[in-house]
Amino acid sequence: MLPLVDVVTHSTVLTCLVLVVGIFLVTVEALLPHTFGLLGVLGVVTIAALLYAYQLAGIGYWFGPVIATLGLAIVLVEVVGISCHGLLTMLGSAAIGTGLFYSLGAGENAGIASTAGITVTLSAMFFALKLLPLSTFWRNSGSGNTLPLPEGLSLKDVDQGTVGIAVTALRPFGFVMISGKRYPARSTNGYSSIGSKVMVTEISKQELLVSVQQR
């Protein structure tokens, strides 16, 4: 065990590789349905094992994982629903990067690895929150946060090509008003603010797929 710890903790390449793989597995778990938490657990264990190796080698600082965990919690607060225009995400990301830096010993090796880790994290978040929900794959896989259809409404009452107004922000999920009725919808071509004009392009079993009309 100790020779392996020594090899990993003194190799920038291996440290970056293990960290990126761990983050990748956690990201895949968050994005794909029907993984039963296995990939997420494996990703967390991978990252935890790396940080523990640095602790075992006497290189990492004990407070590093604490700061990184706090940063992740801050990011999740904004992702889950408390919008601060990205401020919490930036603050949390900075905390994650700082936590990883000290977890890996605060040296040159730590700087390179933590930079790689935070870059992968931000790239994965951008892909997950901005690009993937708009993709055909995401829609067809049944992933995402489909909003409930209000009782008494039927999507069969809406025709393709009907124009409506977004009564909530579409990110890309939200609600639109059509003929005085509020329907759950998903934007297929971008995010929009309240009051945006949308057109129904497709009707699925659970929601309306709409295209945001450019002003």
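None of the figures in this text is laboratory data; all of them are computed from the coordinates on show. This structure is a prediction, so every number in the text was calculated from the model and none was measured. Note that each Cβ is placed from the backbone with ideal geometry, even for glycine, and that neighbours are counted across all protein chains shown.
Subtracting the Cα-Cα distance from 0.36 nm times the residue separation, let me have the gained length for Gln213 to Ile165 in nm, one decimal.
Working it through step by step, the gained length comes to 16.3 nm.
Taking neighbour Cβ counts within 10 Å as the exposure measure, how do Val158, Val13 sort from fewest upward? Could you put the intermediate results ahead of the total?
Working: Val158 19, Val13 11.
Ascending Cβ contact count within 10 Å gives the list Val13, Val158.
Going Cα to Cα from Lys181, which aspartates and glutamates come in below 15 Å? Please leave out same-chain ones fewer than 8 positions away.
Cross-link targets: Glu151, Asp157, Asp159, Glu207.
Between Ser193 and Val45, what FRET efficiency follows from the Cβ-Cβ distance if R0 is 41 Å, with the result rounded to 0.05?
About 0.50, to the nearest 0.05.
Report the full-extension gain for the segment Leu155 to Val66: residue separation times 0.36 nm, less the Cα-Cα distance, to one decimal in nm. Present the calculation step by step, with values, prior to reporting the outcome.
Details: separation 89, 0.36 × 89 = 32.04 nm, distance 4.76 nm.
Separation in residues times 0.36 nm, less the Cα-Cα distance, equals 27.3 nm.
Quick check: net charge around Thr168, other residues with Cβ under 15 Å of its Cβ, Lys/Arg +1 and Asp/Glu -1?
+4
With a 10 Å radius around each residue's Cβ, average the other Cβ atoms per peptide and rank 5-11, 51-57, highest first.
Highest-to-lowest ranking by the protection proxy: 51-57, 5-11.
Say R0 is 45 Å: what FRET efficiency, to the nearest 0.05, do Ser179 and Thr119 get from their beta-carbon distance?
So, using R0 = 45 Å, E works out to roughly 0.45.
For an R0 of 25 angstrom, estimate the FRET efficiency from the Cβ-Cβ distance between Leu38 and Ser11 and round to the nearest 0.05.
So the FRET efficiency works out to roughly 0.35.
How big is D for the range 145-212, in µm² s⁻¹ as a whole number, if Stokes-Einstein is applied with the Kirkwood radius of its Cα pairs at 4 °C and 1.567 mPa s? Write down the numbers at each step before the final one.
On the way: Rh = 11.3 Å.
Answer, rounded: 115 µm²/s.
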